[in-house]
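Let me begin by presenting the structure, written as structure tokens, before commenting on it.
Every number here is computed from the coordinates shown, using simple stated rules; none is lab data. All values reported here derive from a predicted model rather than from experimental measurement. Counting neighbours? That spans all protein chains shown, and the Cβs are built from the backbone with ideal geometry, glycine included.
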Amino acid sequence: MIETVMAVIHIDSIATISLERLLAIPISLLQIGGPIDKTGPIIFLIGALGLLFYILFGVILKNKMTSVGIDMSDNPNTGADAEFILLVGSETGGTRVFAKELMNQLANRGLKSYLADLNDYTEYPKAKYLMVLTSTYGEGDAPSSASRFLNRLQKIPQGQQINVSIVGLGSTDYADFCGYSERIFRALKEQSWADMPMPLYKVNDNNVEEFCEWIKALVNYYSLPLIASPALFSVKPKQLRTFVFIDRYFSEDEQLFRVRIKPDTNVNFTSGDLLSIYPADDNRERFYSVSRIGDAIELVVREFPGGLGSTFLKNTVLGNSVKARIMENPKFHFPDNKRPVIMIANGTGIAPFRGMINANRRVPVHLFYGSRQKDVYDNFLKQEMDYYLQSGKLSGQYLAFSRAEEKLYVTDLIRQQSGLVTQVLQDKGTIMICGSLAMQKDVLEEISLACQELLQVEIQTYLDSAQIVSDCY
């Protein structure tokens, strides 16, 4: 970010100096027919091209700066001037949709508001209200835009009393529902400057009605002129595209299936990114990790009885389409350092790894995969993985089936191959984990034991260096 800002300052300075020098040239020397009438037009041309380059570069740079995180151009005020501070922690962007609508309501009523990521928390000298909206990532972890907030909170106190309210967004499918918002709530409670008469509000699965309960509470506690209408907060992102269903393949028990879809226009994406769909015009997003095979997206899905997303993906007629969007997930892209990679997955967690292995050229890749039934694996994945082994795209494969005669789990595989696991870490390689949160927890515990016993190193070292990355649900 510092480099980006410095680039803006540098380019701006160059443009200013160029304009000053151009304006300093006597007009008579620039006129056609004057003493340098052949060079006058050239000077004008150079100046015009320079200004054009400056404008185009500025547009490109602005787009680059605002493509992730909060779009600062949306703010009508600065953090130093605003009375209402909205801080957001979001991994996929859904929480920002709520925050921007809230900011719009405040602005429409002439109230000075300011919207920023939690990571950008700082002093707000005129703030009267601090509103925190945050999702929770993984098992109670901070989303990427909020990972530094708690540390900054301890270092940056506010100089006046501020009314603080917090809403957490998450899913009750996870054991640590809204866990990160609970951590923030407790940390803010300890701040002497934070007045917190409101309890922590929690929202399941981006439920608009539940979110509006928090808005109603803001109205009741503080008499704020806000409208708690679900319709106002039900706006879908504008960047939705059309994706067409082109193929589908079922496992032997038909509980797992692969679905292949293609965008109707060019879309940049890679394996490990996320596809967000709105099934049956429902306003709640469903996220799926994608595999890129050629120019198409492939998902691996398990059908849940009554599950709107999985049922929609299973039953939609081939040739029909769905409105969806691709969200970059750079933390879970295949590493480009040419170091060895271990992929650990269970169930549908195999999805992004299929595309990564398919695109692999020379990197040693080892797959640890767990499933319930061997027959399902044989019918659903074996032929594909055998091809990858024969072609050298996959260096090794280790399988565990929990309902086979010899019951094995992924953690058993890691214990058996602890030497390989620790060697990859020593070689500066990467371990990637995708699948259920329960599996992730057990896997990390097993890797931790291996690191302590064989390397005398704590697993946190490899987590901090991003040699161990996860995308679990």
Q) With a 10 Å Cβ neighbour count serving as the proxy for reagent exposure, in which order, fewest first, do His366, His333 appear? A) His333, His366
Q | Low-density loop cleavage sites - GluC sites (Glu not before Pro) in region 72-118, where at most 16 other Cβ are within 10 Å (DSSP) | A | Glu83
Q) Can you pull the Kirkwood radius for region 76-233, inverse mean 1/r over Cα pairs, to one decimal in Å? A) 15.4 Å
Q.
As a test of understanding, state the convex hull volume per residue of region 241-331 from its alpha carbons, in Å³.
A. 98 Å³
Q: For region 299-446, state the average projected area of the convex hull of the C-alpha atoms over all orientations, rounded to one decimal in nm².
A: 10.5 nm²
Q: Just the number, please: Stokes-Einstein D of region 267-376 in µm²/s, Kirkwood Rh from C-alpha pairs, 37 °C, 0.692 mPa s.
A: 215 µm²/s
Q.
What is the distance in Å between the Cα centroid of region 419-441 and that of region 91-133?
A. 38 Å
Q.
For a quick check: with amide H placed at 1.01 Å from N, whose amide H comes under 5 Å from Asn206's, ignoring anything fewer than 5 positions away on the same chain?
A. Gly170
(Q) Could you order the peptides 284-291, 174-181 from most to least packed, using the average number of other C-beta atoms within 10 Å per residue? (A) 284-291, 174-181
Q: Would you list, by chain and number, the aspartates and glutamates whose Cα falls below 12 Å from the Cα of Lys262, excluding same-chain residues fewer than 8 positions away?
A: Asp247, Asp295, Glu298
Q | Listed pairs Lys323/Lys393; Lys331/Lys407; Lys382/Lys428; Lys314/Lys382; Lys202/Lys428 exceeding 31 Å between Cα atoms | A | Lys323/Lys393; Lys331/Lys407; Lys202/Lys428
Q) Could you state the per residue volume, in Å³, of the convex hull enclosing the Cα atoms of region 322-401? A) 113 Å³
Q. Tally Lys/Arg at +1 and Asp/Glu at -1 over every other residue whose Cβ is under 11 Å from the Cβ of Ser145; what's the total?
A. -1
Q.
Along the Cα→Cβ direction, 7 angstrom out, place labels at Lys128 and Asn266. What is the inter-label distance in nm?
A. 5.1 nm
Q.
At a 10 angstrom cut-off on C-beta neighbours, averaged per residue, how do the peptides 374-385, 456-467 rank from highest to lowest?
A. 374-385, 456-467
